[in-house]
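Here is the structure we will look at.
The values are calculated or read from the model by the stated rules, or taken from the named source; none is laboratory data. What you are looking at is a predicted structure, and each value in this text was computed from that prediction instead of being measured. Because the Cβ atoms are built from the backbone with ideal geometry, glycine has one as well, and the counts that use them run over all protein chains shown. Quick note on the areas: whole protein, heavy atoms, side chains included, nothing else; ligands and nucleic acids left out. Shrake-Rupley method; radii C 1.70, N 1.55, O 1.52, S 1.80 Å.
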Amino acid sequence: MGVPPAGPRARALAARLARVESRNVTFLGSADAGAGSGADAAAASGTDPSAGVPIFWTAAKGANVLDADGNLYLDLTGAFGVAVAGHAHPAVLDAMASQGARLVHGMGDVHPPEIKVELLERLAGVAPWPDCRGFLANSGSEAVEAALKTAMLATGRGGILAFEGGYHGLTLGSLNATHRADFREPFAAHLHGGVHFAPFPDALEASGGGSGAEQSALEASLADVDRLLAAAAAAGTPVGAVLVEPVQGRAGVRVPVAGFLAGVAERARRAGAVVIHDEIFSGFGRTGRMFAAEWEGEAARPDLLCVGKALGGGLPLSACLGSVEVMNAWPASTGEALHTSTFLGHPLACATALAFLTVLEEERLVARATATGDRLRAGLAGALDGVPQVRGVRGRGMFLGVVLDGPGAPPAAGVRVAEEALRRGVILLPAGSKGEVVELSPPLVLTPAQADAAVEIVAASVLAVVRR
Ligand SMILES: Cc1ncc(COP(=O)(O)O)c(C=O)c1O
């Protein structure tokens, strides 16, 4: 680390950004600076001018990131889980360059780019149904919107059942199924009332309750699902879509107790609803399976599947995939698509997605997620064993959360740990509704040496924060 973050260039960039970007977007420091940046105000008030100022990325390769001040970091976030094959994978860059030389933009739903056909065929090949149909889109939220619309067409119902802690995006339709109050409340007047939230039985939280606690958590949660489905039907607003993250990412990498996904699917179908899995974060190998729901086998198979993040190999791309039976609820196009967008099937993103899917297969990244994930998890659990503030390390594959809400843990400990790790050369994100979790979603190409360095720095950062 040449310059302690955030260095002088980062502080200058933060000050410039504060003058041109909507002030809610990028957190520029804890000091309230009015029109200026937190860095400006902190400098003026004599406090640490770097506190909370972000680093500004200038380059990234594999699991490494270079910032504007010339510091090199290990990225344990995959930049919101996107860089599954690592940043700037050479095969993805080649695909981008050769596609860019031929066709950058096409006419997605009118005269489609040829490569859109190829990508949808590849996605159908990895989807969990023998006969799959899909929608391409640009962001995860848009994939969720497409799934919710599909469920409404398939069932004729507008009601939605989602889960406490769930995150599905911030566009109005997806926001309506996102649970966290701070995202919802400012826009409550735009959200319709037909959404119900059932408890999500996190296995680590349940395991604290002694023997049989997981089974009780499962039964209680499924009973709530039944109750909410029945109440919505009785109120004349029956549920058409049951939307669930097979592993809740932003809520703190919460893995449900065994049997939950299958139980939800069974109950949803019995009540006439469509099951939507949001695997925007958990999909494409992150958990050590192609899709996280595979951990629960065939009985957990959804009717619709939302994917995004990793799919584009770094370019914005998402998809809502579904079984042909459910997807054919959409009428055949008569020339005006009912759901589309300008950049649908963007040729560059289709090309990088195809390259990403090839890398995933050829480099056997799904299996590597299990091996490296086990190494990370065992290393962290060992290094933090017996630390009372650490409730545990949870997750699957390379989707892990260190849960920091044990006795004596400082508030928002995950936020503090991310700050501490940054100073030690590691990029991390906090998660959980109170910032009580440190989330790890690194590139699956992380080497064993990088994984060991990650364990050492994350554990040291946790200990530094809880013992402060
Ligand atoms: C599970 C899940 N669903 C949906 C989204 C929204 O995706 P996007 O930010 O691309 O709109 C996210 C983003 O973090 C996510 O984690």
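Yes/no per residue for (1) crowded, with 22+ Cβ neighbours inside 10 Å; (2) closer than 18 Å to R391 by Cβ; (3) modelled with pLDDT under 95; (4) touching a strand residue (DSSP E or B) at 6+ places or on another chain (Cβ under 7 Å):
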site: G212; (1), (2), (3), (4): no, no, yes, no
site: A233; (1), (2), (3), (4): no, no, no, no
site: V239; (1), (2), (3), (4): yes, no, no, yes
site: Q248; (1), (2), (3), (4): yes, yes, no, yes
**OP:** Name the single residue, out of those in the stretch 295-332 being in contact with a helix residue (DSSP H, G or I) (Cβ under 6 Å, 6 or more places away or on another chain) and part of a helix (DSSP H, G or I), that is surrounded by the fewest Cβ atoms within 10 Å (Cβ to Cβ).
**Re:** A299
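Residues checked against (1) assigned to a loop (DSSP other than H, G, I, E, B); (2) crowded, with 16+ Cβ neighbours inside 10 Å:
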position	(1), (2)
A293	no, yes
T334	yes, no
F343	yes, yes
V359	no, yes
**OP:** Output the residues belonging to the stretch 148-167 that are under 19 Å from the mean Cα position of the chain (by Cα) and either free of Cβ contacts under 8 Å to residues at least 40 places away in the same chain or open to solvent by 20 Å² or more (accessible area, probe 1.4 Å) (or both).
**Re:** L148, E164, G165, Y167
Original post:
Is it the case that some residue within the stretch 394-411 is free of Cβ contacts under 8 Å to residues at least 24 places away in the same chain and aliphatic (A, V, I, L, M)?
Top reply: no
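Per-residue answers, yes or no, for (1) of a type in the set (A, V, I, L, M); (2) at pLDDT below 95; (3) not in a helix (DSSP H, G or I):
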site	(1), (2), (3)
G395	no, no, yes
V402	yes, no, yes
P411	no, no, yes
A421	yes, no, no
E439	no, no, yes
P443	no, no, yes
A453	yes, no, no
S461	no, no, no
Original post:
Which condition does V275 not pass, out of (1) touching a residue at least 60 places away in the same chain (Cβ under 8 Å); (2) in a strand (DSSP E or B); (3) within 16 Å of the ligand (Cβ to nearest atom), if it passes all the others?
Top reply: (1)
Subject >> Elements of type helices (runs of 4 or more DSSP H) in the stretch 43-147, at least 2 residues being open to solvent by 50 Å² or more (accessible area, probe 1.4 Å), more than 30 Å from A241 (Cβ to Cβ) and touching a Ser or Thr at 6+ places or on another chain (Cβ under 9 Å) >> reply: 90-102
Subject >> In the stretch 369-394, the residues that are open to solvent by less than 10 Å² (accessible area, probe 1.4 Å) and in contact with a Gly (Cβ under 8 Å, 6 or more places away or on another chain) >> reply: A369, G373
